[in-house]
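In what follows, a single structure is set out as structure tokens and then discussed.
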Amino acid sequence: MSNSSIICIDASVVVRYVLQPDNESLQKLWGTWVSKEVRLIAPSLLFYEVTNALYQHQKNKLLSPETIWQTLELTLDLPINLVNEAKLHIRAREIAMEYNLSATYDAHYLALAEWMNVDLYTADTRLVNSLKPFKVKWVKSIEP
């Protein structure tokens, strides 16, 4: 995709960023986005997914309730522009069918990135691998 001053990120990137402050490659990537004043966008479901992921960490006793609370507050302060566009739901359903996705959540990020003509960054290797046969080159893994 073409517009490098805007990128779409999914919930997996945000969760990894806030829960892994020692992840040097991700911290460096995020720092690059900040220094280059890249505008981060996501569909409005982003914080629903992040909140659920953090809750699952707490429920599975991977993190304390206090850590989850602090992490959620940090997350909500991140400079991410949420896009709530009704047309994305229709396209997300089409994308989910086209790429045989198990749900439409990931398809919303794909629909937004496609609509805005930007790259989508994800930490979801399952998603990246499921798109490989379709040669979707504008989906980027943050994994080295």
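We did not get these values from a lab; they are worked out from the coordinates using the rules stated. No experiment lies behind these values; they were computed from the predicted model shown. Cβ: placed from backbone, ideal geometry, glycine included. Neighbour counts: every protein chain shown.
Measuring from label point to label point, each 7 Å out along Cα→Cβ, what is the T51 to V34 span in nm?
2.5 nm
I want to verify the translational diffusion coefficient of the chain in µm²/s; compute it with Stokes-Einstein, Rh as the Kirkwood radius over Cα pairs, at 20 °C and 1.002 mPa s.
Working: Rh = 15.6 Å.
Taking Rh from Cα pairs, D becomes 137 µm²/s.
At 222 nm, what value in deg cm²/dmol follows for the chain if DSSP H runs of at least 4 each add -39500 (n - 2.57) and the sum is divided by all its residues, to the nearest 500?
-16500 deg cm²/dmol
Contour minus end-to-end for T125 and N81, with contour as 0.36 nm per residue of separation and end-to-end as the Cα-Cα distance?
Numbers: separation 44, 0.36 × 44 = 15.84 nm, distance 2.38 nm.
The T125-N81 span can extend by a further 13.5 nm.
Please list the non-local residues whose amide H lies under 5 Å from the amide H of I41, H modeled 1.01 Å from N, same-chain partners needing a gap of 5 or more.
Answer set, sorted by chain and number: I7, C8, I9, N81.
For a test of the definition: using alpha carbon positions, the gyration tensor, and the 1.5 limit on a/c, classify the stretch 1-47 as rounded, prolate or oblate. It would help to have the intermediate numbers written out before the result.
Numbers: a/c = 2.43, a/b = 1.15, b/c = 2.10.
Note, shape of the stretch 1-47 comes out oblate.
Tell me the relative contact order for the chain as a rounded percent, counting alpha carbon contacts under 8 Å between residues six or more apart.
34 percent
Taking loop as defined by DSSP and a crowding limit of 15 other beta carbons within 10 Å, which trypsin sites (Lys or Arg not before Pro) in the stretch 33-82 fit? Walk me through the numbers before you get to the answer.
Numbers: sites: K36, R39, K59, K61; in loops: K36, K61.
Within the stretch 33-82, the qualifying trypsin sites (Lys or Arg not before Pro) (loop, at most 15 other Cβ atoms within 10 Å) are K36, K61.
In degrees between 0 and 90, to the nearest 10, how far off the longest principal axis of the chain does helix 65-76 point, with axes built from Cα atoms?
40 degrees
If the chain between N23 and K135 were fully stretched, how many nm would it gain, using 0.36 nm times the residue separation less the Cα-Cα distance? Spell out each step's value before the answer.
Details: separation 112, 0.36 × 112 = 40.32 nm, distance 2.80 nm.
Answer, rounded to one decimal: 37.5 nm.
So which lysines pass the test for K140, namely a Cα distance under 24 Å, with those fewer than 8 places away in the same chain ruled out?
K28, K36, K87, K132
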